[in-house]
Amino acid sequence: MALVVFCSISVLLLLSYSVTKRRLHLFERIVIWVFVLLLQNNFFWMMGLNYKLVELSHHWLQFLVYDSIRSIIVPICMMLYLELHESLDRKWIKGLIGVLFIMGFVGIEYLAEWLGVLSHSGNWSVWYSVANWVFNVLLTLLVFKRIRFMARKEVTI
């Protein structure tokens, strides 16, 4: 069940990302993809191995589902957020879109828990997930702004 749900989400996100207007350069997309993977790997390594707060399923099919979440769903959602962030003019709409994406990321995490892909320990609070995703979104946005600033600096005529 989890494989079908998250593969469907992955396909829908890939299709929606392929039809959106591109505001990110290919280099920016690659760096953001790798950066988001780095954040995800470090978060689950810290919370899972060190603190024992999150445990991934040991079944290979469930781990494949988690890998699709980590490798496809989260980076594409983050790039869709950055595309929207660049296309909007008003700061309050940008903030609202950020809050909606953070709620979506938390929802994906708890959908994965509900479908048995991962499990949170009894000490886990929903605020840990919210804080993690707020940190991820803000840090990714800052990295994106820094990459764009450095690229503009290099291209001056």
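On a per residue basis, the chain carries 60 Å² of accessible surface, using protein heavy atoms and a 1.4 Å probe. Scaled against 2.2 N^0.38 Å for its residue count N, the alpha carbon radius of gyration of region 25-119 is 1.19.
Just the protein heavy atoms count here, and of the accessible area of the chain at 1.4 Å, carbon and sulfur take up 71 percent. At a Förster distance of 30 Å, what's the computed FRET efficiency of S125 paired with F149, Cβ-Cβ distance as r, to 0.05? FRET efficiency, S125 to F149: 0.25. Of the trypsin sites (Lys or Arg not before Pro) found in region 54-99, those in coil by DSSP whose Cβ has at most 11 other Cβ atoms within 10 Å are R90. Of the chymotrypsin sites (Phe, Trp or Tyr not before Pro) found in region 44-146, the ones in coil according to DSSP and having at most 16 other Cβ atoms within 10 Å of their Cβ are Y51, W124. Screening the chain for DSSP H helices whose Cα atoms reach 24 Å or more along their own axis and whose mean Kyte hydropathy is at least -0.5 gives 2-19, 26-44, 91-114, 126-154.
The values are calculated or read from the model by the stated rules, or taken from the named source; none is laboratory data. Keep in mind it's a predicted model, so treat the numbers as computed, not measured. Cβ atoms come from the backbone with ideal geometry, glycine included; neighbour counts cover every protein chain shown. Each accessible area value is taken on the protein alone, full model and side chains, heavy atoms only, with ligands, DNA and RNA left out. Shrake-Rupley method; radii C 1.70, N 1.55, O 1.52, S 1.80 Å.
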